[in-house]
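A short write-up of the structure that comes next.
Values quoted throughout were computed directly from the atomic coordinates according to the rules given, and no laboratory measurement underlies them. What you are looking at is a predicted structure, and each value in this text was computed from that prediction instead of being measured. Reconstructed Cβ throughout: ideal geometry from the backbone, glycine too, with neighbour counts over all protein chains shown.
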Amino acid sequence: MKKLLDGIHRFQSGVFGAQQALFSRLSKGQDPEALFITCSDSRINPNLVTQTDPGDLFIIRNAGNIIPAYGPLHGGEAATIEYAIEVLGVKDVIICGHTHCGAMKSILDPTGLEELPAVKGWLTHADATRRIMKTVYKELPEEELLETCVEENVLVQIENLRTHPAVLAALTRGEMQLHAWVYEIETGVVDAFDADTGQFVPVQQAGRGVAERAERLGGRRQI
Ligand SMILES: [Zn+2]
C-alpha cells in the first residue's frame with residue numbers, strides 16, 4: 001500500500017501540474033477515442049500499451065475480458081457498452097486478451113473452480129470458447145493450447161458483443177468497428193485478428209475493423 005500512497009504523492013507533486021491543461025480540459029467532459037475491453041490482469045495496462053492519456057480510453061476490465069451476451073439481466077458490462085456507444089459516441093470497440101491469462105487457463109483446466117463459485121459462474125459466459133477448444137483444437141499440442149484459447153476467446157467475446165443492441169445498431173449504421181486484439185506480455189507485441197488471413201498478426205499489419213470484416217467474409221479461420 002505504501003507504494004500506492006507514495007505514487008499519489010509523486011503524481012500530485014510532479015505529474016499533475018505538468019499536465020494541468022489536460023486535466024482542466026477533462027474536468028469539462030470526456031470524448032474517448034475507443035471502448036477498450038480487457039482482462040483485470042495486473043500485467044496489462046491499456047494506456048501504457050497504447051500510449052494514450054487520461055480521457056482517451058473508456059475501459060471495461062474483468063477476469064478474462066468477457067462480455068456476457070445481451071439478456072434480460074443487465075449487468076455492468078451491458079450498461080457500460082450502452083453508455084459508451086449511445087452517449088459518448090465511441091466509434092471503435094477493442095477486445096484485448098493477453099498471453100498467460102489465468103481465466104483462460106481455467107477454461108482449459110477447470111480444476112479448483114469448485115472452490116471459486118463466482119469465477120466458475122462468470123466463466124460460463126465463455127462456454128463457447130471452452131467448446132471450440134474441446135472440439136476444434138483437440139489435436140493441438142499442449143503448448144499451443146493456451147495461446148489459441150486466448151485468441152479464440154477474444155473472437156467469441158466479439159460475437160457476444162454483437163448481441164448488444166447498441167453495438168449491432170451502430171455496426172448496421174456503418175458507424176462503428178470492432179477489433180480483436182491479443183497483447184503478448186513477454187514481447188510487448190499487440191496482435192490483431194486479420195480477416196484476410198484468418199490469423200492474428202501484429203496490429204500494424206492488420207486492417208481496421210478486422211473483426212467486423214471477419215463476419216462478412218464468412219467467419220474466422222475459414223478464410
Ligand atoms: Zn487474463
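About its Cα centre, what dipole magnitude does the chain give when the only charges are +1 on Lys and Arg Cβ and -1 on Asp and Glu Cβ, stated in debye to the nearest 20? Don't skip to the answer; put the middle values down first.
Numbers: 21 positive and 30 negative charges, 105 e Å.
The calculation lands at about 500 debye.
Taking the Cβ of each residue in Arg61, Arg162 as the centre, tally the other Cβ atoms inside 10 Å and list the residues starting with the fewest.
Values: Arg61 13, Arg162 17.
Ordered from fewest to most neighbouring Cβ atoms within 10 Å, Arg61, Arg162 come out as Arg61, Arg162.
Summarising the amide proton neighbourhood of Phe200: residues at separation of 5 or more, or on other chains, whose placed amide H is nearer than 5 Å comprise Asp194.
Here the stretch 101-125 and the stretch 14-59 have alpha carbon centers that stand 30 Å from each other. A straight Cα-to-Cα reach below 17 Å connects Lys28 with the aspartates and glutamates Asp53, Asp56, residues fewer than 8 places away in its own chain not being considered.
Here the relative contact order of the stretch 32-216, from alpha carbon pairs under 8 Å that lie six or more residues apart, stands at 23 percent. Shown in residue order for the stretch 23-35 are the 3J(HN,Hα) couplings computed by the Karplus curve 6.51 cos²θ - 1.76 cosθ + 1.60 at θ = phi - 60°: 5, 5, 5, 5, 5, 8, x, 10, 9, x, 5, 7, 8 Hz (x for Gly and Pro). First check a/c for the stretch 59-215, with a ≥ b ≥ c the square roots of the eigenvalues of its C-alpha gyration tensor; if it is under 1.5, answer rounded, and if not, answer prolate when a/b is larger than b/c or oblate otherwise. Oblate, because a/c is 1.5 or more while a/b does not exceed b/c.
Annotation: amide H of Gln177 within the under-5 Å range of Asp92, Val93, sequence separation 5 or more or interchain, hydrogens built in the peptide plane. Computed from backbone phi with θ = phi - 60° and the Karplus coefficients 6.51, -1.76 and 1.60, the 3J(HN,Hα) list for the stretch 91-105 is 9, 10, 10, 10, 10, 10, x, 8, 5, 6, 6, x, 5, 5, 4 Hz; x is used for glycine and proline. So what's the back-of-envelope 222 nm ellipticity for the chain, counting only DSSP H runs of four-plus at -39500 (n - 2.57) apiece and dividing by all residues, rounded to 500? Helix-only estimate at 222 nm: -11500 deg cm²/dmol. Across the alpha-carbon atoms of the stretch 48-119, the computed radius of gyration and Dmax are 15.0, 42 angstrom. Here's how it looks for Asp41: its modeled amide H is under 5 Å from those of Gly64, which are all 5 or more places away or on a different chain. Taking other Cβ atoms within 10 Å as a rough exposure proxy, Ile67, Ile60 sort from fewest to most as Ile60, Ile67.
Listed by number, the DSSP H helices of the chain that run 20 Å or longer by alpha-carbon position along their axis and have mean Kyte hydropathy of at least -1.0 are 142-162.
Using the Karplus relation 6.51 cos²θ - 1.76 cosθ + 1.60 with θ = phi - 60°, the per-residue 3J(HN,Hα) values for the stretch 109-117 come to 9, x, 3, x, 6, 4, 8, 10, x Hz, with x marking Gly and Pro.
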